[in-house]
Amino acid sequence: LALAKDAIKESYQELANFKQEHGLNRPAHRGIHPAYAWSTIGISWFIESAFNTAFLRVGDELGIIGGFVAAAVVAAVNVFLSALVGRFWWPFLFHRNAAQKQLAIAGCTLWGVGLLVWNLLAGHFRDAKAAGLENPEGAALQLFLGGPLQFDSIYSYGLLLAGIAFAILSATAAYKMDDPYPGYGAIYRRHEDRCAEYADEIELAMEELKQTRDDAIEAANATRDQLGMQFRERGQILAARETHRTR
């Protein structure tokens with residue numbers, strides 16, 4: 001317990017140094033469980049894929065199957081890339097170090113531009129398929145370069161908005177998996193784990209002490225019972241001796 005107590009003191013000091021270094025005066029916020037976060041991301045991918053299938057199946061020679069495959073690829077890039085950005089880049093937007101913060105801002109700006117471009121290309125891809133153009137991938141790129149925001153159908157605008165909405169939802173779910181300040185959640189959990197281990201060791205020691213006490217009480221009770229029996233026998237012997245002497 002003495003060694004565990006020293007480790008707890010060092011853990012408190014490590015946590016205090018981290019908070020002082022990064023200007024934190026609050027406990028770490030518990031993020032949502034990773035299973036819930038990844039479930040949200042997976043459901044977002046599935047819903048976006050199903051939503052886009054209705055648009056991308058138009059003009060596809062494989063029908064719904066071809067539309068779903070195309071929609072699944074578009075949604076996968078859109079959703080899972082956004083989840084990685086939300087998990088590993090968004091937290092650094094709040095970092096105290098100016099260089100890392102500026103780098104995160106640049107990375108998130110790049111992600112925002114890429115997200116918009118990707119979903120605009122998805123909308124033009126839908127228009128190219130609906131028009132029955134050969135090589136719809138290349139045609140979508142040409143349509144994008146000719147007029148990024150000019151779609152042939154309102155459904156393409158719906159595909160664009162849906163893609164951006166699901167991407168932001170996935171990034172938010174991944175971002176909320178941990179404390180918003182990078183590294184704080186991990187060090188706080190390590191500290192809590194050490195405290196929990198110390199509490200478990202104390203509980204184990206208390207159980208051992210209780211067992212020792214119970215054993216000692218049981219031995220004392222056995223001794224008391226034995227002494228009581230001996231005193232009763234002694235009383236009987238004295239009474240018999242007194243009776244014998246009187247006779």
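Of the trypsin sites (Lys or Arg not before Pro) in the range 83-121, the ones in a loop by DSSP (not H, G, I, E or B) with at most 15 other beta carbons within 10 Å are R96. If the chain linking T246 and E10 were pulled fully straight, counting 0.36 nm for each residue of separation and taking away their Cα-Cα distance, it would gain 76.9 nm. At an R0 of 51 angstrom, the distance between the Cβ atoms of L116 and L209 translates into a FRET efficiency of 0.20. With the simple model of a label 7 Å out from the Cα in the direction of the Cβ, L84 to Y157 spans 3.3 nm.
Full extension of the segment from Q20 to S39, taken as 0.36 nm per residue of separation minus the current Cα-Cα distance, would add 3.3 nm. For the range 118-239, the relative contact order comes to 19 percent (Cα pairs under 8 Å, sequence separation of at least 6).
Each principal axis of the Cα atoms in the range 143-225 has its own extent, and those three values, largest first, are 101, 25, 13 angstrom. A 1.4 Å probe over all protein chains sorts V79, V113 by accessible area into V113, V79, starting with the largest.
Comparing I41, I64, I217 in a Gaussian network model of the chain where C-alpha atoms under 10 Å apart are linked, the largest mean-square fluctuation is found at I217.
Share of carbon and sulfur in the accessible area of the range 85-169 stands at 70%, probe radius 1.4 Å.
The calculated pair-distance distribution of the range 11-130 uses every alpha carbon pair, bins of 10 angstrom beginning at 0, and gives 12, 29, 27, 17, 9, 5, 1 percent. Compactness ratio for the range 63-210: Cα radius of gyration over 2.2 N^0.38 Å (N = residue count) comes to 1.59. Taken about its Cα centre, the chain carries a charge dipole of roughly 940 debye when the Cβ of each Lys and Arg holds +1 and the Cβ of each Asp and Glu holds -1. A simple rule links phi to the HN-Hα coupling: the Karplus curve 6.51 cos²θ - 1.76 cosθ + 1.60 with θ = phi - 60°, which for the range 183-192 gives x, 6, x, 5, 5, 5, 5, 4, 5, 5 Hz, with x for Gly and Pro. GNM on the chain, alpha-carbon springs under 10 angstrom: the most fluctuating residue among A130, A71, A173 is A130.
Note on the chain: Lys pairs 8 or more places apart or on different chains, Cα atoms under 23 Å apart, count 6. With R₀ fixed at 30 Å, the C-beta to C-beta distance from I32 to A76 puts the FRET efficiency at about 0.85. Extension gain for R224-Q102 works out to 36.1 nm (0.36 nm per residue, less the C-alpha to C-alpha distance).
Measuring r between the beta carbons of I168 and I64 and using R0 = 41 Å, the FRET efficiency lands at 0.90. Computed from phi, the 3J(HN,Hα) profile of the range 20-25 under the Karplus parametrisation 6.51, -1.76, 1.60 (θ = phi - 60°) reads 5, 5, 9, x, 9, 10 Hz, with x in place of Gly and Pro.
Kirkwood's formula applied to the C-alpha pairs of the chain gives a hydrodynamic radius of 24.1 angstrom. Any chance you could give the angle, 0 to 90 degrees and rounded to 10, that helix 98-130 forms with the longest Cα principal axis of the chain? Tilt of helix 98-130: around 50 degrees. In the chain, excluding the sites themselves, the longest stretch lacking any of the GluC sites (Glu not before Pro) that are in a DSSP loop with at most 10 other Cβ atoms within 10 Å is 135-247.
Highest GNM mean-square fluctuation among P27, P182, P136, for the chain modelled with Cα contacts below 10 Å: P27.
The values are calculated or read from the model by the stated rules, or taken from the named source; none is laboratory data. What you are looking at is a predicted structure, and each value in this text was computed from that prediction instead of being measured. A quick note on method: Cβ atoms are made from the backbone with ideal geometry, for glycine too, and the neighbour counts reach across all protein chains shown. We work out accessible area using only protein heavy atoms, side chains counted, and drop any ligands, DNA or RNA first. Shrake-Rupley method; radii C 1.70, N 1.55, O 1.52, S 1.80 Å.
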